[in-house]
1. Of the cross-linked pairs LYS52/LYS122; LYS122/LYS143; LYS73/LYS143; LYS92/LYS116, which ones have a Cα-Cα span greater than 26 Å in the structure shown?
2. What whole number of Å gives the distance from the Cα centroid of the range 106-148 to the Cα centroid of the range 37-80?
3. Given H placed on each backbone N at 1.01 Å, which residues far from SER114 in sequence or on other chains put an amide H within less than 5 Å of it?
4. Could you check the spin-label model distance between ASP27 and ILE54? Points 7 Å from the Cα along Cα→Cβ, value in nm.
5. Decide, for the range 26-127, between rounded, prolate and oblate: order the square roots of the alpha carbon gyration tensor eigenvalues as a ≥ b ≥ c, take rounded if a/c falls under 1.5, and otherwise choose prolate if a/b is larger than b/c, else oblate.
6. Which aspartates and glutamates, if any, have their Cα less than 13 Å from the Cα of LYS140, not counting same-chain residues under 8 positions apart?
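Every number here is computed from the coordinates shown, using simple stated rules; none is lab data. Since the structure is predicted, the reported quantities are computational estimates derived from the model, not experimental observations. All Cβ positions, even for glycine, are placed from backbone atoms using ideal geometry, and neighbour counts span all protein chains on display.
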Amino acid sequence: MKKYIIICIAIFMLSCSKDSPSEIEPDIIEIAKGILNGGGTEGITKSNLVIKDINSWKNIMNQMNSFSNESDKFTETVIDFNRYQIIAVFDKVYNYGGTTIDIISVTENEYNISVKIDNLIKGGLLPIVTQPYHIVKILKTNKSVVFE
């Protein structure tokens with residue numbers, strides 16, 4: 001009887017692990033993290049973007065560069081959009097600097113890509129107008145991206 005119970009428990013444990021969706025963290029490559037100093041003149045509102053083509057990428061870089069050459073700080077600007085996609089998050093414009101916006105994690109499951117965002121540093125000390133941003137690239141996927 002004990003063997004039967006042990007076998008039943010083992011089968012139950014193995015079947016549970018197969019049914020639960022697996023989550024993995026895809027390779028995340030940071031492109032840039034910083035602040036825009038144009039006081040909102042760049043015209044970028046608080047937003048979470050998934051960029052999958054060169055034209056959209058060039059447009060956002062042009063907006064970011066409209067006040068200063070922000071893309072000079074990027075680790076790369078030429079992206080192979082056949083292999084990668086960009087995740088870019090922009091916070092609101094702050095009247096006092098020091099706040100960051102941070103992509104905490106990017107997790108892929110069976111159904112979508114989950115991007116967790118937070119403000120790890122909450123500023124408000126320096127009287128300077130800033131807009132935090134964070135940009136990463138991940139492997140291209142057809143799954144929807146959900147921002148949390």
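1. Going by Cα-Cα distance, LYS52/LYS122; LYS122/LYS143; LYS73/LYS143 fall outside the 26 Å limit.
2. Distance between centres, Cα-based: 15 Å.
3. Long-range HN contacts for SER114: THR107, GLU108, ASN109, VAL146.
4. That separation, rounded to one decimal, is 2.2 nm.
5. oblate
6. ASP27, ASP53, ASP80, GLU108
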